[in-house]
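Encoded as structure tokens, the structure appears first; notes follow it.
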């Protein structure tokens, strides 16, 4: 068995680092991903009536205490956490602000840490909120958790996960090295 000299080992590590993508940003949708909006009774009628309370009343879809702990660990490792969530289809400027506030209240209630909150118009390309945050040439990626297949299929920033088909906390454990 041959032992690598220091130069060969350093060269091998540089090649591995250059080809292994690094998660720089973790992105979350809210409705149907973190918050079970669609299980709130009469949610659609309330949103159409410009009532933002379903966003506050939605139950969590995963273990929020564990999620918060893992996100704090990721952030301590220099990984950004972004919430990228669509506003209601029923829209006006005042209601959009109410929806943003309701979603932030929900995140705060469950102690979910994040670096950036993007409450964007319904249907907006979510990748636009991340493009300038990653360095493709150095192998950085942004991952996304989103229940919308169209959004996941249009995500070319890194891996996109369907929260109905994966365990968000298990994926985060892998990322933070647990």
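The values are calculated or read from the model by the stated rules, or taken from the named source; none is laboratory data. Note that this is a predicted model, so its numbers are computed, not measured. As a convention, Cβ positions derive from the backbone with ideal geometry for all residues, glycine included, and neighbour counts pool all protein chains shown.
In this structure, does residue 175 turn out to be within 15 Å of the chain's Cα centre (by Cα), touching a residue at least 40 places away in the same chain (Cβ under 8 Å) and either within 17 Å of residue 52 (Cα to Cα) or surrounded by 18 or more Cβ atoms within 10 Å (Cβ to Cβ) (or both)?
no
Of these, 78, 123, 32, 119, which one is free of Cβ contacts under 8 Å to residues at least 60 places away in the same chain and within 17 Å of residue 152 (Cα to Cα)?
123
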- Query: Hey, does region 88-109 have a residue that's surrounded by 14 or more Cβ atoms within 10 Å (Cβ to Cβ), touching a strand residue (DSSP E or B) at 6+ places or on another chain (Cβ under 6 Å) and over 25 Å from residue 164 (Cβ atoms)?
  - Reply: yes
- Scanning region 132-155 residue by residue, those within 14 Å of the chain's Cα centre (by Cα) and either under 30 Å from residue 92 (Cα atoms) or assigned to a loop (DSSP other than H, G, I, E, B) (or both) turn out to be 133, 144, 145, 146, 147, 148, 151, 152, 155
- Which one is surrounded by the fewest Cβ atoms within 10 Å (Cβ to Cβ) among residues in region 48-74 that are outside any helix (DSSP H, G or I) and in contact with a strand residue (DSSP E or B) (Cβ under 9 Å, 6 or more places away or on another chain)? 59
- Task: Return yes when residue 158 is surrounded by 15 or more Cβ atoms within 10 Å (Cβ to Cβ), at positive phi and not in a helix (DSSP H, G or I) and no when it is not.
- Result: yes
- Here the residues within region 13-47 that are at pLDDT 95 or above, exposed (fewer than 14 other Cβ atoms within 10 Å of the Cβ) and part of a helix (DSSP H, G or I) are 38, 39, 45
- Message: Quick check on region 120-131: of everything there that is assigned to a loop (DSSP other than H, G, I, E, B) and more than 11 Å from the chain's Cα centre (by Cα), which residue is nearest to residue 77 (Cα to Cα)?
- Response: 125
- Message: Of all residues being assigned to a strand (DSSP E or B) and touching a helix residue (DSSP H, G or I) at 6+ places or on another chain (Cβ under 7 Å) in region 95-119, which is farthest from residue 149 (Cα to Cα)? Just the residue, please.
- Response: 117
